[in-house]
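**Student:** Dropping the structure in here first, questions after.
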Amino acid sequence: MGKKKSVALIVVITIVLVALIFISVATFAIPSTVKIFNSLLSTVDLGTDLGGGYYTVYYPDGVISQDEYEMIRVQYEEAKNEGEDLNAYDNPEDYTKYKGVYLSDEITDEDGKVTESFQAEFDSAFQALQKRFEQKGFVDYSVKLQDDYTVLVQIPYTNESASDLFDQFAYSGSLIFSDTAEGTASKNVLLEGDSRYVKKASAAGNAESGYAVAVHFTKEGQSKFAEITGELVENASSSSTDGSAATAQLYLYVGSELLMSVQVDSAWDSDVVYISGSFETRESAETIACVINSTLDENNVFDLKLDASQIYRLSPTMGENAATILAIAIGVLILAMIVYSLVRYKGMGLAHVYGFLTYALIFILCISLIGGVYINMEGLMAIVLSAAIMVSLNWYAFKNIREEFATGKTLTAAIKAGYKRSLALTIDLHLVLLLASVVLMLISTGTVHFMAFVFLMGTVISAACTLAVTRFYFYMFLAQPKNKIAFCNFKREETEDE
């Protein structure tokens, strides 16, 4: 590589790296506007251990909290003292204390135990909640029983409304396609969605209105959906008096709760139908898709009403400043690594620093721009491990180059031989780690799944930077100095012009 070309590349690459570092860590006001530019790192979603989140408790009909019971008792006593009609108030004697909650007489037998029908319905509701939150794909979340008959749910911070998410995941009933508007007492069921007709639902981008829910039909479902949409348009046309193009409204419900609606202007004969709604984010569309998917399994369909009216903020489980402290610790380690590389390997160390910065910036871009990626303590450990592998393999290559040079080879020959000696270990190690992370992703869910995904990204980026990027930087810098041996921090009794 010529010196002029080397200088140009060094200047351009340095400017790009500095610019990327700046937008990765700096948050600032955009001049002449009221907008704020948030750094890429500030947009990375954190798990509940590092970033906190939300939690709520689902109370099924017939189960109330101690606070609600106390409110019922106070209201009943006040009404009794004022001589009001007590039939208008809940009687606290109709509830029996059970652990930390109160059970209504409507769901218990004479012995105070819940009825089999309630238990079966509650089990179905609990199973459906587990399915919905599992499909949502949070990096770390928990859905667990509390006091036997309530469900405690914790999730990390999310871009969508936590209140809407908790409410929508509580929807009970089966999937219904109807032409009846929301608020009508009885609904005209055009199609009851189940696995016979609907394969699955998923979130999809919509060029016109943000995001949509894609409903995938079976062959039988496609035919049935084309039939009902054709009839809707036909009925709308027959009632139209001004000769304008007829459109009809189709509504999707789960039980009595409206999921979304869409205008229909023709028979839709397709195996995939995209239904847009007020989905400003992909996450909100994914929530509706998760609800639909859970109703396709009859074991997850339940009629029990669930209440999650109280939503609470969850502090980071590792402490409010855990993320900041860990960021400082990692920054100190990176600084120490940079200093050691430059002192120990000089020019080779400089190439390594540029290669490591490239690795780090690509990683930051990936975790900040790829939707649905959360970083928790396990994910952070995966990042640190992949970074350590990248650093170690670069140092291993430099050691081999130094040893080859010590045998009396020229610098050029030593570099080629050193990298050749390092190649097998570098490729084999990355392949093993790549396969291990893929397998772990396929067989795991939740925290382990996301940790494996983060490590997979790190392994791919590490392989690219170790095998190609750092080596390219080394040759780029090596074109500049006159004394290339000293530039690499090599010493030999007889120096030669190379």
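**Student:** How long is the gain from residue 144 to residue 161 if the chain were fully straight, where each residue apart is worth 0.36 nm and the alpha carbon distance is subtracted? Walk me through the numbers before you get to the answer.
**Tutor:** On the way: separation 17, 0.36 × 17 = 6.12 nm, distance 2.16 nm.
So the chain would gain 4.0 nm between residue 144 and residue 161.
**Student:** Can you order the peptides 383-396, 210-223 by their average number of other Cβ atoms within 10 Å per residue, highest first? Show your work: numbers first, answer last.
**Tutor:** Details: 383-396: 19.9, 210-223: 18.2.
Result, highest mean first: 383-396, 210-223.
**Student:** Then there's this: For the chain, what is the charge dipole size about the Cα centre, in debye to the nearest 20, if Lys and Arg each add +1 at the Cβ and Asp and Glu each add -1 at the Cβ?
**Tutor:** Details: 35 positive and 60 negative charges, 1170 e Å.
Taking the Cα centre of the chain as origin, the dipole is about 5620 debye.
**Student:** Kirkwood hydrodynamic radius (Cα pairs, Å) of region 1-106? Walk me through the intermediate numbers first.
**Tutor:** Working: mean 1/r = 0.0486 Å⁻¹.
About 20.6 Å, per the Kirkwood formula over Cα pairs.
**Student:** Still on this model: With every protein chain left in place and a probe of 1.4 Å, what is the accessible surface of residue 76, to the nearest 10 Å²?
**Tutor:** Rounded to the nearest 10, the figure is 30 Å².
**Student:** Leaving out ligands, DNA and RNA, and with a 1.4 Å probe, what % of the accessible surface on region 54-314 is carbon or sulfur? Write down the numbers at each step before the final one.
**Tutor:** Values: 5330 of 13310 Å².
Answer for region 54-314 is 40 percent, counting heavy atoms of protein chains only.
**Student:** Let me ask something else about it. Take residue 266 and residue 425, extend 7 Å from each Cα along the Cα→Cβ direction, and tell me the distance between the two endpoints in nm.
**Tutor:** 6.5 nm
**Student:** Applying 1/(1 + (r/R0)^6) with R0 = 60 Å to the Cβ-Cβ distance of residue 75 and residue 280, what FRET efficiency is obtained, to the nearest 0.05? Don't skip to the answer; put the middle values down first.
**Tutor:** On the way: r = 40 Å, r/R0 = 0.66.
Working from the Cβ atoms, E equals 0.90.
**Student:** Next question, about the same structure. Rounded to the nearest percent, how much of the accessible area of region 354-467 (1.4 Å probe, protein heavy atoms only) is carbon and sulfur?
**Tutor:** 78 percent
**Student:** Given the DSSP H assignment, sum -39500 (n - 2.57) over each helix run of at least 4 residues in the chain and divide by its residue total; what's the result at 222 nm in deg cm²/dmol, nearest 500?
**Tutor:** Working: 14 runs with 248 residues, N = 498.
Counting only the DSSP helices, I get -17000 deg cm²/dmol.
**Student:** Here's another thing I want to ask about it. Over all distinct alpha-carbon pairs, what is the Kirkwood Rh of region 306-403 in angstrom? Don't skip to the end; give the middle numbers.
**Tutor:** On the way: mean 1/r = 0.0625 Å⁻¹.
Result for region 306-403, one decimal place: 16.0 Å.
**Student:** In the structure shown, do any of 3/484; 131/224; 3/482 have a Cα-Cα gap over 21 Å, and if so which?
**Tutor:** Beyond 21 Å: 131/224.
**Student:** Put a dot 7 Å past each Cα toward the Cβ at residue 335 and residue 94; how far apart are the dots in nm?
**Tutor:** With each label placed 7 Å out from Cα toward Cβ, I get 6.6 nm.
**Student:** Arrange the peptides 343-352, 60-69 so that the one whose residues have, on average, the most other Cβ atoms within 10 Å appears first.
**Tutor:** Working: 343-352: 20.8, 60-69: 17.5.
The most tightly packed comes first, giving 343-352, 60-69.
**Student:** Sticking to Cα atoms, compute the Rg of region 78-164 to one decimal and its Dmax as the biggest Cα-Cα distance, whole number, in Å.
**Tutor:** When restricted to the Cα atoms of region 78-164, Rg and Dmax are 18.0, 55 Å.
**Student:** Okay, next question. Heavy atoms only, 1.4 Å probe, whole protein assembly: order 431, 50, 440 by accessible area, highest first. Can you show the working numbers first?
**Tutor:** On the way: 431 90, 50 10, 440 60 Å².
Listed by decreasing accessible area, they come as 431, 440, 50.
**Student:** Once label points are set 7 Å from the Cα along Cα→Cβ at both residue 15 and residue 152, what is their separation, rounded to one decimal in nm?
**Tutor:** 5.6 nm
**Student:** Could you let me know the centre-to-centre spacing of region 105-147 and region 322-367, using Cα atoms, in angstrom?
**Tutor:** Measuring centre to centre over Cα atoms gives 48 Å.
**Student:** Residues of the chain: accessible area per residue at 1.4 Å, in Å²? Please list the in-between numbers first.
**Tutor:** Values: 25580 Å² over 498 residues.
It amounts to 51 Å² per residue over the chain.
**Student:** Arrange the residues 472, 490 by how much accessible surface each exposes, largest first, with a 1.4 angstrom probe.
**Tutor:** On the way: 472 85, 490 15 Å².
So, going from the largest accessible area down, we get 472, 490.
**Student:** Ratio of alpha-carbon Rg to the 2.2 N^0.38 Å globular estimate for the chain, to two decimals, please.
**Tutor:** Working: Rg = 31.1 Å, N = 498, 2.2 N^0.38 = 23.3 Å.
The reported ratio for this selection is 1.33.
**Student:** Mind listing the long-range amide H neighbours of residue 193? Cut-off is under 5 Å, sequence gap 5 or more, other chains count too, H placed in the peptide plane at 1.01 Å from N.
**Tutor:** Correct list: 175, 176, 177.
**Student:** Continuing with this model, one more query. Tell me, what ³J(HN,Hα) does each residue in region 189-203 have, in order and in whole Hz, if you take phi through Karplus 6.51 cos²θ - 1.76 cosθ + 1.60 with θ = phi - 60° and put x for Gly and Pro?
**Tutor:** 7, 8, 7, 9, x, 8, 5, 5, 10, 10, 7, 6, 10, 8, 7
**Student:** For residue 84, what accessible area in Å² do you get when you roll a 1.4 Å probe over the heavy atoms of the protein chains, rounding to the nearest 10?
**Tutor:** Counting only protein heavy atoms, residue 84 exposes about 80 Å² to solvent.
The values are calculated or read from the model by the stated rules, or taken from the named source; none is laboratory data. Values in this document were obtained by computation on a predicted structure and should not be read as measured data. Cβ coordinates were reconstructed from backbone atoms using ideal geometry, including for glycine residues, and neighbour counts include every protein chain displayed. Keep in mind that these areas ignore ligands, DNA and RNA; they rest on the heavy atoms of the full protein, side chains included. Shrake-Rupley method; radii C 1.70, N 1.55, O 1.52, S 1.80 Å.
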